[in-house]
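Below is one structure, written out as structure tokens, with a few remarks after it.
The values are calculated or read from the model by the stated rules, or taken from the named source; none is laboratory data. In this text, all values refer to a predicted model and were calculated from it rather than measured experimentally. Here Cβ is always computed from backbone atoms with ideal geometry, including for glycine, and neighbour counts include all displayed protein chains.
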Amino acid sequence: MPTVLVIDDNPAVATALEILFSLHDLRTLRAETPAAGLAVLDREPVDLVIQDMNFRADTTSGEDGVKLFREIHARFPDLPVILLTAWTQLETAVELVKAGAADYLAKPWDDDKMSIAVHNLLELSATRQELTRRRTDEDRRRNALAERYDLRGAVFADPAMERVIALACQVARADVPVLITGPNGAGKEKIAEIVQANSAVSAGPFVTLNCGALPSELIEAELFGADAGAYTGTTKARAGKFEAADGGTLFLDEIGNLSLNGQMKLLRVLETGRFERLGTNREQHVTVRVISATNADLRQMIRAGSFREDLYYRLNTIELHVPPLAERVGDIVPLARHFLPEGKKLAADACDALKRHAWPGNVRELKNALSRAALLATSAELRAADLGLPSAAPPTDDEPDRRTIEAALARARGVIAQAAAELGMSRQALYRRMEKLGIARE
């Protein structure tokens, strides 16, 4: 049962509120002085405080109430406080609301308005507590992950990325191919580094090849090597990436760019560990852990006949999907701070602008934006204007728009209470907003 503490020097006020709250299954505690109220808070769990602003008959200044509120807020910053008075000027109450007070109601109060205010604040407080608990759990899991595995300096805070990294660490020791999917610039190579660093061959070489950066006729030579004269311009034999990666890991980025002939040879290496350099029939044997990555839809390429189905199933024994940055909003600000040079920091409006931007170029775009902003900003504190990002279309009213709500729901994995707490709304308010915008309740 939620508990409300009433701090008022008039016992009749506490009695009236206690009767009202008993109708709503709320427990009421009372105190007649600021000192007594603080003592109750020290010994009892309280969910909400309703406090008077004047505790002496000879004053209407509200100074006692201001002092009490600031003391409560300093010691219990997450505890909602409703200011209740018949005398204090509105300006004083407004200033305290700006300072963190939850609401302001005048005596004599309206029972319905009081009940609604208390109900909404208790619900919002509960969802915030749940969000805090979830974040504490997430921090604990991330710390445990970092203590147990080598994360190669990965910067992440969003649960979506945490799940990818945890799975990468889990499968790293298994001697099976890993396929990493996701858009360009999302961090696929970092996941490959984590897999390699925690694998049984972490002490071996880690060799990378971007199949999308080479003409198709040269990719096979890069992979398997070539004897002198194997193709125009080859004057001496050269080893390929498989030879260089023997005893370690080979990371093949943009695997979808490999030709069908190269795919056939790669499949043979994965199955037997054997291959020939271009221009020779001499067979070589290697032991290599292969990690591949792509931003392409390999299933669609299989249907189109441009990617071998048997190779696909050989490569994706384990598939790790890296979400785009727009689906990992919790990562944006930590990554941005990581990319900033020493001595630079982000203002609050800059953080908001970063979280609103869609980041079609993902982490790579974010890094470039921060590098440019840090170079051009005239102050140590970067403001939203310094980032040079296109302005997001403002919502049509003061409430969150469809995109903001859907993003919050995605981060909360559909948990309404968590999404509501992040948006600073009650669950009922969020439900009403979703209904107004036509967002389905799953």
TODO: Within the range 18-30, count every residue that is closer than 17 Å to Pro80 by Cα and either among the hydrophobic types (A, V, I, L, M, F, W, C) or in a helix (DSSP H, G or I) (or both).
DONE: 3
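Table: residues versus (1) among the charged types (D, E, K, R); (2) within 21 Å of Glu254 (Cα to Cα); (3) touching a residue at least 40 places away in the same chain (Cβ under 8 Å); (4) buried (at least 18 other Cβ atoms within 10 Å of the Cβ).
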position	(1), (2), (3), (4)
Glu138	yes, no, no, no
Leu151	no, no, yes, yes
Ala186	no, yes, yes, yes
Ile191	no, yes, yes, yes
Asn198	no, no, yes, yes
Glu222	yes, yes, no, yes
Ala237	no, no, yes, no
TODO: Can you work out which of the residues in the range 330-339 that are surrounded by 16 or more Cβ atoms within 10 Å (Cβ to Cβ) and within 14 Å of Ala373 (Cα to Cα) is nearest to the chain's Cα centre (by Cα)?
DONE: Ala336
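Say whether the condition of being in a loop (DSSP other than H, G, I, E, B), acidic (Asp, Glu), farther than 19 Å from Pro177 by Cβ and assigned by TED's automatic domain parsing to the domain that holds Pro177 is met by at least one residue in the range 226-249.
The initial filter retains those residues of the range 226-249 that are in a loop (DSSP other than H, G, I, E, B), namely 227-237, 239-240, 245-248.
Still in the list and also acidic (Asp, Glu): 227, 246.
If we keep only those that are farther than 19 Å from Pro177 by Cβ too, we end up with 227.
Right, trim to assigned by TED's automatic domain parsing to the domain that holds Pro177 and you get 227.
Yes, the range 226-249 contains a residue that is in a loop (DSSP other than H, G, I, E, B), acidic (Asp, Glu), farther than 19 Å from Pro177 by Cβ and assigned by TED's automatic domain parsing to the domain that holds Pro177.
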Open item on the list: Take Lys98 and tell me if it is touching a residue at least 60 places away in the same chain (Cβ under 8 Å), out of contact with any Leu (no Cβ under 6 Å at 6 or more places or on another chain), over 30 Å from Ala172 (Cβ atoms) and surrounded by fewer than 19 Cβ atoms within 10 Å (Cβ to Cβ).
Closed with: no
TODO: Mind listing whichever residues of the range 250-284 are over 17 Å from Val207 (Cα atoms), touching a strand residue (DSSP E or B) at 6+ places or on another chain (Cβ under 7 Å) and surrounded by fewer than 15 Cβ atoms within 10 Å (Cβ to Cβ)?
DONE: Arg268, Arg274, Arg282, Glu283
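For the range 282-337, which positions are charged (D, E, K, R), part of a helix (DSSP H, G or I) and touching a residue at least 24 places away in the same chain (Cβ under 8 Å)?
Asp310, Arg314, Glu327, Asp331
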Task: Test: residue in the range 85-96 that is in a loop (DSSP other than H, G, I, E, B), in contact with a His (Cβ under 8 Å, 6 or more places away or on another chain) and not aliphatic (A, V, I, L, M) - done: no
- [ ] Determine which single condition Leu124 fails, assuming it passes every other condition in (1) buried (at least 16 other Cβ atoms within 10 Å of the Cβ); (2) more than 18 Å from Asp331 (Cβ to Cβ); (3) not assigned by TED's automatic domain parsing to the domain that holds Leu83.
- [x] (3)
Open item on the list: Can you pull out every residue in the range 345-393 that is among the charged types (D, E, K, R) and surrounded by fewer than 18 Cβ atoms within 10 Å (Cβ to Cβ)?
Closed with: Lys345, Asp349, Asp352, Lys355, Arg364, Glu365, Lys367, Arg372, Glu381, Arg383
- [ ] Being buried (at least 16 other Cβ atoms within 10 Å of the Cβ), among the β-branched types (Val, Ile, Thr) and farther than 20 Å from Glu365 by Cβ is the filter; apply it to the range 285-329 and report the residue that is nearest to the chain's Cα centre (by Cα).
- [x] Ile318
- [ ] Of the numbered conditions (1) over 18 Å from Asn316 (Cβ atoms); (2) out of contact with any helix residue (DSSP H, G or I) (no Cβ under 9 Å at 6 or more places or on another chain); (3) not charged (D, E, K, R), Asn261 fails exactly one; give the number of that condition.
- [x] (2)
Task: From the options Ala348, Ala420, residue that is modelled with pLDDT under 90 and either among the acidic types (Asp, Glu) or outside the structural domain of Asn120 (by TED's automatic domain parsing) (or both) - done: Ala420
Open item on the list: Restricting to the range 3-28, name every residue that is surrounded by 18 or more Cβ atoms within 10 Å (Cβ to Cβ) and within 20 Å of Asp78 (Cβ to Cβ).
Closed with: Val4, Leu5, Val6, Ile7, Leu26
Task: Given (1) in contact with a Leu (Cβ under 9 Å, 6 or more places away or on another chain); (2) more than 21 Å from Gly100 (Cα to Cα); (3) part of a helix (DSSP H, G or I), index of the condition Val40 fails - done: (2)
